[in-house]
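Here the structure comes first, spelled out in structure tokens, and everything after it is commentary.
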Amino acid sequence: MRNLASLVFAGGLVFLLLALGAQLALGTPPMRVGSEILAVAPQEVGAANIVTAVLLGYRGFDTLGELAILFAAATAAGVVLGRRRAADVRRDPPGGEVLRTGADLLFPLLLVVGFYVIAHGHLTPGGGFQGGVILAAAFFTAILAQPARHLSHALIAWIEGLAGAAFILIGLWALLEDGHFLAPLLGQGVMGELISAGTLPFLSLAIGLKVGAELAGIMAHLSDAEAPDA
């Protein structure tokens, strides 16, 4: 039955793609919005990275929905893995000297790279989502090298909550000032410079902290989850 259901699903998906493809004229681009955005985004937003302008400006509601989905996934993982290890349960031994030393060296480097990617998201490829993953990887590396380390769940929750609230408050501020949710404020500046694109760098920072905190929280729950009975 499982193989039959998978076959039916695959067949339906292929049929849907063929039906959509049949409606497109050969040689005609299926999307025309991109060219319009490329034409007006530099003047309206002031971001050299048009992808960031789209994510945080033109489709800000979609980005907010993606953050909500990530929050729901992290919360569900925390509920499932919420039980702590018993005090008498032996944890995995720490890694060797080379692994622990390498993790200690990589931790500050990953933090610097993560914040660099976040801060330059409106200038170069990258931004809040990518930088947040790099920030979380710094804590992943530290915990994998020394499983006995603890991450503060309270601190992670505070960072995640404040970052999410900042994102929404900036959006509401733009809605009141400009009439559009997440419209860039504070002036565009000079495109290509670090201080430019208005409030987009602040939105990118909020996303990076929220994504990093949520992923680090999942890792903390995995580290603290109760070990199975031997």
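List of remarks:
- Check on GLU177, in contact (Cβ under 8 Å) with a residue 24 or more places away in the chain and over 21 Å from ASN49 (Cα atoms): no
- Within the range 129-150, tally of residues that are in contact with a helix residue (DSSP H, G or I) (Cβ under 6 Å, 6 or more places away or on another chain) and either within 15 Å of LEU111 (Cβ to Cβ) or modelled with pLDDT of 85 or more (or both): 14
- Neighbours by Cβ (under 7 Å, 6+ apart or cross-chain): first from the range 129-158, surrounded by 18 or more Cβ atoms within 10 Å (Cβ to Cβ); second modelled with pLDDT under 85 and among the polar types (S, T, N, Q): ILE143/SER223
- Matching residues, the range 95-127, being part of a loop (DSSP other than H, G, I, E, B) and closer than 27 Å to LEU56 by Cα: HIS120, GLY121, HIS122, LEU123, THR124, PRO125, GLY126, GLY127
- Whichever residue in the range 171-208 is β-branched (Val, Ile, Thr) and loosely packed, with under 15 Cβ neighbours inside 10 Å and, among such residues, is modelled with the highest pLDDT: ILE195
- Candidates VAL112, VAL89, VAL98, filtered to the one that is out of contact with any His (no Cβ under 7 Å at 6 or more places or on another chain) and at pLDDT 90 or above: VAL112
- Restricted to the range 47-80, and to residues there that are modelled with pLDDT of 85 or more and among the hydroxyl-bearing types (Ser, Thr, Tyr), the residue that is nearest to ILE195 (Cα to Cα) is THR52.
The values are calculated or read from the model by the stated rules, or taken from the named source; none is laboratory data. Being a predicted model, the structure only gives us computed values, none of them experimental. A quick note on method: Cβ atoms are made from the backbone with ideal geometry, for glycine too, and the neighbour counts reach across all protein chains shown.
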